[in-house]
1. Give, as a single signed number, the net charge of other residues whose beta carbon lies under 15 Å from the beta carbon of PRO176, with Lys and Arg counted +1 and Asp and Glu -1.
2. Round to the nearest 0.05 the FRET efficiency obtained for SER136 and GLN8 when R0 = 45 Å and r is the Cβ-Cβ distance.
3. Which is farthest toward the positive dipole end of region 79-208 among LEU194, LEU123, VAL150, measuring Cα position about the Cα centre, with Cβ charges +1 (Lys, Arg) and -1 (Asp, Glu)?
4. Roughly how many Å is it from the Cα centre of region 2-74 to that of region 134-194, as a whole number?
5. Would you list the P(r) distribution for region 30-164, with all Cα-Cα distances sorted into 10 Å bins from 0 and each bin expressed as a whole %?
6. Hey, what's the Kirkwood Rh for region 1-83 if you take every pair of different alpha carbons, in angstrom?
7. So which GluC sites (Glu not before Pro) in region 136-172 end up in coil per DSSP with only 14 or fewer other C-beta atoms within 10 Å?
8. So if each residue of separation counts as 0.36 nm, and I subtract the Cα-Cα distance between TYR95 and THR165, what length gain in nm does that give?
Amino acid sequence: MDLNAIKQRLDNLQSKAAPQQKTDYTTIFWRPTIGKAQVRIVPSALDSSSPFTELKFYYGITNKVMISPLNFGEKDPITEFGQKLKQGEYNKENYVLAKKLDAKNRIFIPIIVRGEEDKGVRLWQFGKMIYEDLLSMAIDDEIGDYTDIVNGRDFTLETVGPESTGTNYNKTSVRPRMKTSALSDDKAQVEKWLAEQPNPKEVFKRFTFDEMKDALVKWLSPEEAETEGDIVSEPANDFDDLPWDKKEKGNFSLDTSKIKENKKDQFDSIFE
């Protein structure tokens, strides 16, 4: 054996990795808190035809959200496995597990929060209901293009808590302001806001096909994963501050342990 090479390998394993600088996600994402807020949707620097970016995510496969490769035009093993279940013989077990594996849609838009203009453009993410409301208002002749930098509209958001919604989650309603207004009277500031915007596709760690397949295998056999004692996947940074990280998990939790035991045996043959 090359003892010097072995010693070097041991030193590498035992050396402590330099701590990564934690990302301040409040500079990238914004979420409404209980009460009222006024925001302005900014034309997207990524797509001049629409400010909305739709992305698919998985919740509960690992301890963090996983962005689907489908967002980048790549193959997604979790989607493929779910489709195989749906294409097979119909039964309740297949249906429950396939629904559990469906990717969830989230929508992102660039906004300026009034009173916090110094923080620049941030991303607001939401689900289907608010998305439909904003799309409907855009095609309303009395409202129109609310992103127009000269004659657009601000929005008033009102958020209520669980004591009002009767659920464990907050609920936000969206209302356009009656008067049109300019995005800003400062031309240089407007140009900066139009050019400097976070890209939601670049914020999340991307996983390879094999990494996602391994994560799914371990999700299908959690007891084996616990025995091995390793981590299936880690985000690029700490995502605990993201607004949907903990809140959304509850919506999609479902005990499928018995079903997973049955389906794990089919997994390897599907991906041969």
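Bear in mind these aren't lab numbers, they're just calculated from the coordinates by the rules spelled out. Keep in mind the model is a prediction, meaning the values are calculated, not measured. Glycine also receives a Cβ, built like all others from the backbone with ideal geometry; neighbour counts cover every protein chain displayed.
1. Working: positive: LYS36, ARG40, ARG114, ARG153, ARG175, ARG177, LYS179; negative: GLU132, ASP133, ASP140, ASP141, GLU142, ASP145, ASP148, ASP154, GLU158.
After counting each charged neighbour, the total is -2.
2. Values: r = 63 Å, r/R0 = 1.40.
In this case the efficiency is close to 0.10.
3. LEU123
4. Rounded to whole Å, the Cα centres lie 26 Å apart.
5. 10, 32, 29, 20, 9, 1
6. Values: mean 1/r = 0.0538 Å⁻¹.
Taking every pair of different Cα atoms in region 1-83, averaging 1/r and inverting gives 18.6 Å.
7. Working: sites: GLU142, GLU158, GLU163; in loops: GLU142.
Listed in order of number, the matching sites are GLU142.
8. Full extension of this stretch gives 22.2 nm more.
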